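Undergrad: I'd like to ask some things about the structure below.
The values are calculated or read from the model by the stated rules, or taken from the named source; none is laboratory data. For clarity, every value in this text was computed on a predicted model and none was experimentally measured. Using ideal geometry, Cβ is built from the backbone for each residue, glycine included, and neighbour counts are taken over all protein chains shown. Areas reflect the complete protein model, heavy atoms only, side chains present, ligands, DNA and RNA absent. Shrake-Rupley method; radii C 1.70, N 1.55, O 1.52, S 1.80 Å.
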Amino acid sequence: MTKECCRLVHIFSCLAFMLGSVAGLAAEPQEWQAGVGSVQSFGVVVRPHYGDLYINVWPDRQTYWIGDRIRINFNVNRDCYVYIFNTDAGGTTRQIFPNYHDRNNFARGGRTYHIPDSGYELMVTGPPGQEYIHAVAVSARYRFLDSYHNLRRSAPFPMQPHGAEGLMRKLNEQRTDAQKRGETGLAESQEYRGQELRLVIPPPPPPPPP
């Protein structure tokens, strides 16, 4: 065998070894560990679909003046349906999400949303004092919650006197009835009421002296 033939045999042997190594890596994938230098460094975000349902809600700031625009942010750990209520300083509670301008309240786990999204604005109208925001995440879109989706142009943010508490009470009542009937779908569902957000609305500043 000539030197040239020996060189070609050596090259083919190296290529076969390299291909075998690549095939071995493909057959036995490595388990990535979270941390510096792992898959997170490549920007891969795994959407969570496990654990108990929860929701995080936060405003763009804590103090607003009357007439200010407000943005509410939220995210959830699992796919679900989100309901958000606002109680002003006068004690009036309204459903601000979903609303007439933003009807789709389905949220994907691991994503951050905000309202208003587009086409409308949320503005602080007073009276001065403290306002409260509550959010509820529900694992499924139940028909007995249709009243929270009955949205009209004349009342884009409908009044809900019982707010988040009323929605949770309705869910618990329906779950109890489902358990009595032996139905597992609703009986094993999940919902979660988010933390209470308190917003400060100070009184307008006094007029300047003449």
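Undergrad: Considering only residues of the range 37-72 that are open to solvent by less than 40 Å² (accessible area, probe 1.4 Å) and more than 29 Å from residue 123 (Cβ to Cβ), which is modelled with the highest pLDDT?
TA: Selected residue: 53.
Undergrad: What is the number of the single condition among (1) open to solvent by 20 Å² or more (accessible area, probe 1.4 Å); (2) in contact (Cβ under 8 Å) with a residue 40 or more places away in the chain that residue 75 does not meet?
TA: Only one criterion is unmet by residue 75, namely (2).
Undergrad: To continue, here is another question. Quick one: count up the residues across the range 157-171 that are surrounded by 13 or more Cβ atoms within 10 Å (Cβ to Cβ), touching a strand residue (DSSP E or B) at 6+ places or on another chain (Cβ under 7 Å) and either part of a loop (DSSP other than H, G, I, E, B) or among the charged types (D, E, K, R) (or both).
TA: Within the range 157-171, the first condition is being surrounded by 13 or more Cβ atoms within 10 Å (Cβ to Cβ), and the residues that meet it are 157-158, 160, 163-168, 170-171.
From what's left, touching a strand residue (DSSP E or B) at 6+ places or on another chain (Cβ under 7 Å): 157-158, 160, 163-164, 167-168, 171.
If we keep only those that are either part of a loop (DSSP other than H, G, I, E, B) or among the charged types (D, E, K, R) (or both) too, we end up with 157-158, 160.
Looking only at that region, the number is 3.
Undergrad: Do we have any residue at all in the range 172-182 that's of a type outside the set (Asp, Glu), open to solvent by less than 50 Å² (accessible area, probe 1.4 Å) and closer than 26 Å to residue 59 by Cα? Outline the logic, then answer.
TA: So in the range 172-182, the residues of a type outside the set (Asp, Glu) come out as 172, 174-176, 178-182.
Filter again for open to solvent by less than 50 Å² (accessible area, probe 1.4 Å), leaving 175, 178.
With the extra rule that they be closer than 26 Å to residue 59 by Cα, the set shrinks to none.
No; the residues of the range 172-182 include none that is of a type outside the set (Asp, Glu), open to solvent by less than 50 Å² (accessible area, probe 1.4 Å) and closer than 26 Å to residue 59 by Cα.
Undergrad: Another question about this same structure. Taking the range 108-144 on its own, how many of its residues are free of Cβ contacts under 8 Å to residues at least 40 places away in the same chain and either over 19 Å from the mean Cα position of the chain (by Cα) or buried (at least 16 other Cβ atoms within 10 Å of the Cβ) (or both)?
TA: Qualifying residue count, the range 108-144: 4.
Undergrad: OK, next. Return the pair list, or none, for Cβ contacts closer than 8 Å from residues in the range 190-210 that are farther than 19 Å from residue 88 by Cα to residues that are in a loop (DSSP other than H, G, I, E, B) and open to solvent by 90 Å² or more (accessible area, probe 1.4 Å), at least 6 apart or on different chains.
TA: 190/52; 192/52; 192/54
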